[in-house]
Amino acid sequence: MKFELQHTDAQSKARAGLITTDHGQIETPIFMPVGTQGAVKAVHMTELESDIKAQIILGNTYHLYLRPGLDILEQAGGLHKFNSWNRPILTDSGGFQVFSLAHNRKLTEEGAIFRSHIDGSKHMFTPERVMDIERTIGADIMMVFDECTPGDADYSYAKKSLALTERWLDRCITRFNDTECKYGYTQALFPIVQGCVYPDLRKRAAENVASKEAEGNAIGGLAVGEPTEKMYEMIEVVNEILPQDKPRYLMGVGTPANLLEAIERGVDMFDCIMPTRNGRNGQLFTRYGILNMRNKKWANDFSPIDAEGRSFVDTLYSKAYLRHLFIVNEILALQIASIHNLAFYLWLVKEARTQIIAGNFSNWKKYILEDVSRRI
RNA sequence: GUAAUUGUAGCUCAGUUGGUUAGAGCGUCGGAUUGUGGUUCCGAAGGUCGCGGGUUCGAGCCCCGUCUUUUACC
């Protein structure tokens, strides 16, 4: 993997860059649609590629390990071949799911013991095991196994949790360096900065992560219950320290406004379930605000879903029709909303990139920020 | 016509031997959702208990009349 920093904004920390992987290039800042179980829910790969213009998608280690399992993934020749997505893929390590989803989890120095949310079966994730699993999945970018500290953790817990994440990080790197991709292309490993909402912990974590000289770095443990302002503050602390010449990935974030604020603070990559999950629940993000498609006011509004939207669904279908589809629980509603929201997110980061290169990012951000957060 | 049966929220229905402010599901309306357990979660509005009279301290529940639903018989 290679990262080329193409342009840095004069008035802010915003950057435009280019990541090159064996499965193609990624223009940053970028938003990565989440495909937890090997599929972006309700969306075809053809739509992701041609219409949404996704450049990289996510898969999830915890979910793919449980189903279909490593045997099937290896027989398939890796996730790219299995799900027919030929562009870059990033896998989350499953750290988040072990803590948010699995039953009866127990942390030890060795790793995390947990029970499957599907059948209750007992499993153990160690840093080494997770590296092996991500090798088998075959993502272009692998994430280290960490503990995602809750946003409301007290200082002493956050400090202890960070220390464990740091010891696991070293073990991940060792195992990663001792192994190689099973399918003939290269994989990169991104470490994750934790430290909750405590600046000194975040600073220490970022310094430790930076010292590993990884191909890219991630900021985790944000948007997990802490105030939004704290999140922005932590991004600033961390990005002061993370290397300039490597991509920075803010995990699990966020709203359109969150993206703009984080881009301004020097973040290059994002993923979030919000455009897809909220889309499936009837919420549409647009350039001029957020719509709840179940609201009655759209019942007889026959104007396009989004007159300025870039995806084919935006002008093919009316608001009234989409509302109808949601009210009667048609599957097509979920597909339309997911495509629209993802296309909007991808447009937002592409436009941010264009504005950064044009030297106009801060002005543009101010101009658009209130619009995208408004409820209409 | 006779006998039985039914009537409670927009819909389908609970509602104990009569006992505070009559409930549920669905629907309607609104909100939530941040490294996804694949139609989720939370909240709100909505009823003169068919109508009229009576008994009772108190009636959705008991009595009378009337209208109504369904069925059987003549």
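Numbers below:
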{"quantity": "Sequence of A:Arg248, A:Arg287 when ordered by accessible area, the most exposed leading, probe 1.4 angstrom", "calculated": "A:Arg287, A:Arg248"}
{"quantity": "Built amide H within the under 5 Å cut-off of A:Leu189, gap 5+", "calculated": "A:Met142, A:Glu215"}
{"quantity": "Bridge type composition, chain A - antiparallel percent by DSSP, nearest 5", "calculated": "50"}
{"quantity": "Whole-Hz couplings from phi, Karplus 6.51/-1.76/1.60, listed for the stretch A:252-265; x for Gly and Pro", "calculated": "x, 10, x, 6, x, 5, 4, 4, 5, 5, 6, 4, 4, 9"}
{"quantity": "Rounded to whole Hz, the Karplus (6.51, -1.76, 1.60) HN-Hα couplings of the stretch A:101-106, x for glycine and proline", "calculated": "10, 5, 8, 6, 5, 9"}
{"quantity": "Only Lys, Arg (+1) and Asp, Glu (-1) charged, at Cβ; the stretch A:12-76 dipole about Cα centre in debye", "calculated": "340"}
{"quantity": "Residue-by-residue Karplus 3J(HN,Hα) for the stretch A:282-295, coefficients 6.51, -1.76, 1.60, Hz, glycine and proline x", "calculated": "x, 9, 10, 9, 9, 4, 10, x, 10, 10, 9, 5, 7, 5"}
{"quantity": "Model label zone, A:His103; criterion: amide N under 18 Å from point 7 Å along Cα-to-beta-carbon; scope the stretch A:119-154", "calculated": "A:119-125"}
{"quantity": "Amide H contacts under 5 Å for A:Asp301, placed H, 5+ residues apart", "calculated": "A:Ala320"}
{"quantity": "Charge dipole (chain A, unit charges on Cβ, about Cα centre) - positive-most of A:Ile235, A:Met293, A:Thr165", "calculated": "A:Met293"}
{"quantity": "Residue-count net charge about A:Trp347 - beta-carbon cut-off 9 Å; Lys, Arg +1, Asp, Glu -1", "calculated": "+3"}
{"quantity": "Spin-label model distance (nm) - A:Asn329 vs A:Ala163, 7 Å beyond Cα toward Cβ", "calculated": "5.2"}
{"quantity": "Among the listed pairs A:Lys203/A:Lys246; A:Lys41/A:Lys350; A:Lys53/A:Lys296; A:Lys106/A:Lys182; A:Lys296/A:Lys366, those beyond 24 Å (Cα-Cα)", "calculated": "A:Lys53/A:Lys296; A:Lys106/A:Lys182; A:Lys296/A:Lys366"}
{"quantity": "Total formal charge among the other residues, if their Cβ is under 12 angstrom from that of A:Arg202, Lys/Arg +1 and Asp/Glu -1", "calculated": "-2"}
{"quantity": "Within-15-Å neighbourhood charge of A:Thr46 [Cβ basis; K, R +1; D, E -1]", "calculated": "-1"}
{"quantity": "Within the stretch A:76-212: Cβ-based charge dipole about Cα centre, in debye rounded to nearest 20 (Lys, Arg +1; Asp, Glu -1)", "calculated": "120"}
{"quantity": "Spin-label model distance (nm) - A:Glu240 vs A:Glu110, 7 Å beyond Cα toward Cβ", "calculated": "4.1"}
{"quantity": "Relative contact order computed over chain A (Cα-Cα under 8 Å; 6+ residues apart), in percent", "calculated": "18"}
{"quantity": "Distant-in-sequence amide H partners of A:Glu147 (H built 1.01 Å from N, under 5 Å)", "calculated": "A:Thr165"}
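The values are calculated or read from the model by the stated rules, or taken from the named source; none is laboratory data. Remember, it's a predicted structure, so these values are computed and weren't measured experimentally. No Cβ is skipped: glycine too gets one built from the backbone with ideal geometry, and neighbour counts run over all protein chains shown. Protein only, heavy atoms only, side chains kept; ligands, DNA and RNA dropped before computing areas. Shrake-Rupley method; radii C 1.70, N 1.55, O 1.52, S 1.80 Å.
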